1. For segment 1-108, rounded, prolate or oblate, judged on the Cα gyration tensor with a ≥ b ≥ c (square roots of eigenvalues), a/c < 1.5 rounded, else prolate if a/b > b/c?
2. Positive end of the dipole of segment 259-324, charges at C-beta (+1 Lys, Arg; -1 Asp, Glu), about the Cα centre: which of Gly317, Gly303, Gln262 has its Cα farthest in that direction?
3. With a cut-off of 11 Å, note down the residues of segment 215-251 whose backbone N falls inside the zone around a label point 7 Å from the Cα of Ile301 toward its beta carbon.
4. Take every DSSP beta bridge whose two residues both sit in the chain, then give the antiparallel share in percent to the nearest 5.
5. FRET efficiency for Tyr54 and Glu192, Cβ-Cβ distance as r, R0 = 25 Å, nearest 0.05?
6. Local charge sum around Val251 (other residues, Cβ-Cβ under 12 Å, Lys/Arg +1, Asp/Glu -1)?
7. Express the relative contact order of the chain as a whole percentage, based on alpha carbon pairs under 8 Å and six or more residues apart in sequence.
8. Kindly identify segment 66-147 as rounded, prolate or oblate by the Cα gyration tensor criterion: order the square roots of the eigenvalues as a ≥ b ≥ c, call it rounded if a/c is under 1.5, otherwise compare a/b with b/c, prolate if a/b is larger, else oblate.
Amino acid sequence: DELAAEFDSRIYPMETGFWGSEWNPGIDNDPRITVLMAKLIDRAGGYFDTSNEYKKSQIPESNEREIVFINATSLFNGRAKIFLAHEFQHLLEFYQKEKLRNVSEDVWLNELRSEYSVKLLGYDDSFDDSNLERRLNAFLLSPSEPLAEWKNLAPDYGSITLFSYYLSGHYGDKILADSLKSGDVGIKSLDETLSLNGFPERFSDIFSNWTIAGILNDQSAGPKFAYKSGHLADLRVSPIQSYPISGVGTVISLSDSVKDWQPVWYEFNTPVSSGAGLNLKVEFSAQEGTNFKIPYIIYNINGKKEIGFMSVGSSAGTLFVKDFGSEVYKVILIP
């Protein structure tokens with residue numbers, strides 16, 4: 001009864017008001033929505049299956065109705081409304097993208113909107129034991145998951161949730177709602193919506209700034225290099241690799257591969273001692289034809305952080321950092 005009341009009074013009106021309507025009266029010619037509570041596999045909160053939106057003559061296993069499935073165990077741990085808010089967005093998205101515009105959304109962005117629905121309804125306003133706290137912990141366990149590669153694991157949900165907080169915090173949640181109304185999908189729909197809303201940045205710019213914010217999260221370094229949410233004020237990831245540089249003549253050579261939209265952080269540090277200023281030279285090369293943007297952060301002993309972007313031409317680039325070991329004690333590269 002409590003869940004039904006929550007759906008009728010908050011979840012349904014707030015989500016349809018924000019994302020747009022469901023298919024109504026839908027495949028079953030009934031304006032009502034079915035919510036089926038069932039015991040699902042462990043750790044599954046619920047699901048939405050598009051096959052139920054088709055006739056049995058098209059898909060024999062279809063239930064021919066607008067339906068979402070929720071794990072009944074969530075009634076006992078207080079998360080049922082969170083899962084219902086999440087899955088209901090998928091039902092709305094099906095109508096907005098597949099029925100109205102005949103396109104299928106990228107899974108990662110579809111899931112991102114569903115995760116954002118939890119925030120939209122205020123379920124993350126209190127951080128302790130919230131969905132956001134769980135997603136943050138999952139993200140910190142594996143922060144280098146590629147954002148747009150969906151494996152349906154906890155770190156995937158962590159990454160998209162954190163990115164949704166960053167994106168909406170700096171550009172407004174209208175970007176997410178408007179991109180749902182786009183005839184494009186994925187990154188292309190976000191770029192289109194950013195342009196229509198008058199923002200000069202594109203997804204690649206926002207992604208780069210997000211990777212900087214992930215390790216820096218410092219408003220004083222620039223407003224785009226920090227999260228806006230107070231719940232995430234202490235978030236800082238650790239570098240995936242850290243390399244100490246002991247003195248003149250130190251050479252470090254490393255090779256690695258990076259997937260599209262995968263955040264990685266490499267740290268180079270040195271003990272700070274008076275008069276030990278070195279010239280740090282970083283040479284970068286990649287396979288011909290690859291397209292890299294390489295942000296870097298220079299940490300000064302006076303507390304100042306300098307942020308820049310390494311110039312990469314013909315898949316190669318060079319960065320020089322002066323006073324390494326006297327004025328500068330750490331450099332982080334984010335290719």
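Read the figures in this text as sums done on the coordinates, not as results from a lab. For clarity, every value in this text was computed on a predicted model and none was experimentally measured. Here the Cβ is made from the backbone with ideal geometry for all residues, glycine too, and neighbour counts use every protein chain on show.
1. Taking the square roots of the gyration eigenvalues as a ≥ b ≥ c, segment 1-108 is prolate.
2. Farthest towards the positive end: Gly303.
3. none
4. Values: 25 of 35 bridges.
Here the share of antiparallel DSSP bridges comes out near 70 percent.
5. Calculated transfer efficiency: 0.30.
6. Here the charged neighbours net out to 0.
7. 11 percent
8. Since a/c reaches 1.5 but b/c is at least a/b, the shape of segment 66-147 is classed as oblate.
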